[in-house]
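Q: Sending over a structure as structure tokens; questions will come in a sec.
The values are calculated or read from the model by the stated rules, or taken from the named source; none is laboratory data. These numbers were taken from a predicted model, which means no experiment stands behind them. Neighbour counts run over all protein chains shown; Cβ positions are idealised from the backbone, glycine included.
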Amino acid sequence: MADPSADILAAGLFRAEEDALPRCHWCQASPAYRHYHDHEWGFPVTDDRRLFEKLCLEGFQSGLSWLTILNKRENFRRAFDHFDAERIVRYGEADIARLLADAGIVRHRGKIESTIHNAGRVLALREEFGSLSAYVWQHEPAPGTRPERLTREALQALTTSPESVRLSKDLKKRGWSFVGPTTVYAFMQAMGLVNDHVEGCSARERAAQARRLLSP
């Protein structure tokens, strides 16, 4: 009899022993990581605060692993007023000093100052488009541009896309920082603008269904 685990490995999936659900291979490091994969990553988000948070945290992740940032996410939320752009844009030197002294976050002056600066860019986008969500979602790729079958190998090759390059360029033109095309593609993956759960992953169809239920 063929070993079914061989099919799982070939598909680039992982099964946690406690529940045996097939998942994308990258989330096996901890239960918290698997929960993030099962309930957040790839599910569509239209809430401006969560979108801004993710853009900021992707910037902080540069040079680090996402798991490092995920483990510190609640600390980031407390430190940055839950990513309320209207509050962050008013931060001054005292706030920067406070954040640089906060061991619960990544203490990188450039990334901290970028978050404060980008908060102002969020407000400008809201003025122009009505919301950050309306601006971001106009960059969702057309379904026909996506891989016909998303395998582990195909996913590993997807570090950017034409849409992430365009979104990155437009954000930079509007004054944003720490928004390179790789960072922006990771943001698009996480916020559900693309569904990069591999074929056979238990979350793939749930993420697709959530997108179908989302208002255009």
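Q: F178: out of contact with any strand residue (DSSP E or B) (no Cβ under 6 Å at 6 or more places or on another chain), among the aromatic types (F, W, Y) and surrounded by fewer than 19 Cβ atoms within 10 Å (Cβ to Cβ), yes or no?
A: Considered against the rule, which asks whether it is out of contact with any strand residue (DSSP E or B) (no Cβ under 6 Å at 6 or more places or on another chain), among the aromatic types (F, W, Y) and surrounded by fewer than 19 Cβ atoms within 10 Å (Cβ to Cβ), F178 comes out as no.
Conditions tested, residue by residue: (1) assigned to a helix (DSSP H, G or I); (2) modelled with pLDDT under 95; (3) of a type in the set (K, R); (4) within 24 Å of V184 (Cα to Cα).
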residue	(1), (2), (3), (4)
A6	yes, yes, no, no
L9	yes, yes, no, no
D19	no, yes, no, no
F52	yes, no, no, yes
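Q: Look at I69 and say whether it is in a helix (DSSP H, G or I), modelled with pLDDT of 95 or more, on the phi < 0 side of the Ramachandran plot and under 14 Å from the mean Cα position of the chain (by Cα).
A: Spelling it out, I69 is indeed in a helix (DSSP H, G or I), modelled with pLDDT of 95 or more, on the phi < 0 side of the Ramachandran plot and under 14 Å from the mean Cα position of the chain (by Cα).
Q: Considering V194, V198, which residue is assigned to a loop (DSSP other than H, G, I, E, B), under 21 Å from L51 (Cα atoms) and in contact (Cβ under 8 Å) with a residue 24 or more places away in the chain?
A: After ruling out the rest, the residue left standing is V194.
Q: Can you name every residue in segment 26-44 that is in a helix (DSSP H, G or I) and under 17 Å from the mean Cα position of the chain (by Cα)?
A: Within segment 26-44, W26, C27, A32, Y33, R34, H35, Y36, H37, D38, H39 qualify.
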